[in-house]
Amino acid sequence: MFGVTHRTIPPKSYTHTVKQTALITGASGGIGLELARLFAGDGWDVVLVARSDAKLRDLAAELGRQHGITAQVIIADLAKPDAAADIVKTLTDRGLIVDALVNNAGYGLTGPFVETDLRLELEMIQVNVAAITHLTKLLLPGMVARRRGRILNVASTVVPAGPSHGRLLRDEGIRAVIL
Ligand SMILES: NC(=O)c1ccc[n+]([C@@H]2O[C@H](COP(=O)([O-])OP(=O)(O)OC[C@H]3O[C@@H](n4cnc5c(N)ncnc54)[C@H](OP(=O)(O)O)[C@@H]3O)[C@@H](O)[C@H]2O)c1
């Protein structure tokens with residue numbers, strides 16, 4: 001007979017003897033807000049990042065009250081090229097160490113590429129790509145040095161579905177591949 005291995009799951013209090021902090025971008029709504037609730041529910045301190053000041057402050061108060069954790073707010077517009085550096089400076093000024101980085105803020109634009117607004121697209125690339133790259137670049141070295149850290153990039157099922165977009169373009173007589 002095969003033996004049965006019993007694994008003891010550490011009690012919640014044990015797993016949380018070391019306080020950890022998660023920074024969640026786009027925490028003012030949608031998936032980011034729910035992720036913030038999940039981290040706080042698991043006893044993590046959270047740093048909530050987005051543009052909507054009042055929503056973030058309300059959420060921080062709610063999470064602190066409900067879970068007894070520390071929830072901090074950093075107001076930032078990730079479409080601004082300096083946003084990631086400003087966020088990390090604020091973290092340093094407040095003496096905060098990020099153990100989990102959740103790159104969640106983002107959005108999509110729709111419409112035929114030939115007609116859409118380039119300014120809006122470049123802004124979206126700044127939020128969805130450049131800010132994530134920049135924030136990760138600034139926070140990862142500390143995680144590596146501490147030998148502790150987690151990064152979650154919230155993306156889209158559209159990413160692996162690239163060929164269907166390619167097909168749409170091919171139907172217009174254009175060959176394109178999204179990697
Ligand atoms: N929901 C879906 O079906 C779906 C599908 C594919 C991919 N995704 C991806 O999943 C992530 C979350 O989606 P969601 O549906 O939860 O989005 P959502 O409800 O629209 O929330 C987006 C979050 O991003 C923040 N944000 C947007 N622009 C920002 C900026 N310039 N600077 C700082 N924060 C900004 C918003 O906060 P403020 O407005 O307060 O700044 C908000 O908190 C996004 O990256 C999205 O692309 C979602």
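General remarks:
- Rough spin-label spacing in nm, given labels placed 7 Å along Cα→Cβ, for residue 58 and residue 38: 2.3
- Simple rule: put +1 on each Lys or Arg Cβ and -1 on each Asp or Glu Cβ in the range 58-166, find the dipole, and look at 97, 156, 78; the Cα lying farthest toward the positive end is 97.
- Gain upon complete extension [residue 80, residue 96; 0.36 nm per residue less C-alpha separation]: 3.5 nm
- Based on alpha-carbon atoms, the Kirkwood radius and the radius of gyration of the range 30-87 give Rg/Rh equal to 0.99.
- Over the Cα atoms of the range 43-156, the radius of gyration divided by the Kirkwood radius equals 1.01; this is the Rg/Rh ratio.
- Taking a straight Cα-Cα cut-off under 16 Å and skipping sequence neighbours fewer than 8 places away in the same chain, the aspartates and glutamates within cross-link reach of residue 137 are 82, 86, 99.
- Neighbourhood net charge (13 Å Cβ-Cβ; Lys/Arg +1, Asp/Glu -1) for residue 110: -3
- Evaluated with a Cβ-only charge set (Lys, Arg +1; Asp, Glu -1), the range 21-178 carries a dipole of roughly 540 debye about its Cα centre, given to the nearest 20.
- Here each label is just a point 7 Å from Cα along the line to Cβ, and for residue 158 and residue 130 those points are 2.0 nm apart.
- Cross-link partners of residue 55 among aspartates and glutamates, defined as those whose alpha carbon lies under 16 angstrom from its own and excluding same-chain residues fewer than eight positions apart: 34, 77.
Values in this text are rule-based calculations from the coordinates and carry no lab data. Predicted, not measured: the structure shown is a model, and the values here were computed from it. Cβ coordinates were reconstructed from backbone atoms using ideal geometry, including for glycine residues, and neighbour counts include every protein chain displayed.
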